[in-house]
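Since the structure comes first, as structure tokens, the remarks are kept for the end.
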Amino acid sequence: MYSQPQHIIGLVIYPDMTQLDITGPHQVFASMPNTQVLLLWKTLQPVVSNGGLTIFPTTTFDECPQLDVLCVPGGVFGAVEMMQDTQMLAFLQKQAQSTKYVTAVCTGSLILAAAGLLQGYRAACHWAFREHLTLMGVEVCHHRVVVDRNRITGGGVTAGIDFALTIAAMLSGEDTAKFLELMLEYNPAPPFGFGSPEKATHSLIQAVLQVANPLIEASKAASQQAALALDS
């Protein structure tokens, strides 16, 4: 006899997203017992992420069931577009009314904030975009994973695995999360130790910011526009 999964986790996808924001958590969530993982988009057409990896949605926004976890990834200019996409924002707002946990990784936090779902909460974000969360009335934290009531957010890109293991412990217990951590051999040892602005040199930080400047400026403008809309 078919048994319903104990947990249903919905991972939102969209064009030009950062695929590791989703594929990292997906690996953890798909390994959890009694858990169904859905990949959500407007249609069932393939979605091409930043870098060219094609991901196939499994469920549309319209057909999405009630979720236990809603997760939004970050992205490049696609994330900026989603901050202004009325269909995306409406879907997130609707799901947030009943979802147990509303979550995001990297600049996915900006999309949640643009939907009005992080105001009054503490949240994490990719380090280069923290100021933009502040513009939208969010209390920004520099931690790798931030849990504030039923809002759970991860920092930039690779924090998605830490984020997912945190959620695994909340849903299935700490022993299960420890099991998954070992099974996946999640034992990071960065070869250079420059993976955060607190550890990197000033010149390296400036080099990254210079390359990312067009995206940062576009994200800032979208954040300012969202802040005005939320205040109106």
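So which helices of the chain fit the span-like rule, where a helix is a whole DSSP H run, its Cα atoms reach 18 Å or more along the axis, and its mean Kyte-Doolittle is at least -0.5? Sorted by number, the helices that extend far enough and score high enough are 159-172, 202-231. DSSP finds beta bridges in the chain, and of those with both partners inside it, around 25 percent are antiparallel. Across the range 7-231, the mean sequence separation of Cα contacts (distance under 8 Å, 6 or more residues apart), normalised by length, yields a relative contact order of 19 percent.
Is the range 110-232 rounded, prolate or oblate when judged by the Cα gyration tensor, a ≥ b ≥ c being the square roots of its eigenvalues, rounded requiring a/c under 1.5 and prolate requiring a/b larger than b/c? Since a/c reaches 1.5 but b/c is at least a/b, the shape of the range 110-232 is classed as oblate. Estimated purely from DSSP H runs of n ≥ 4, each contributing -39500 (n - 2.57), the mean residue ellipticity at 222 nm for the chain is -13000 deg cm²/dmol once divided by its residues.
Relative to the current alpha-carbon distance between Thr86 and Lys100, full extension at 0.36 nm per residue lengthens the span by 2.8 nm.
Every read-out reported here was derived from the displayed coordinates using simple, explicitly stated rules and does not represent laboratory data. Small disclaimer: the values here were computed from a predicted structure and weren't measured.
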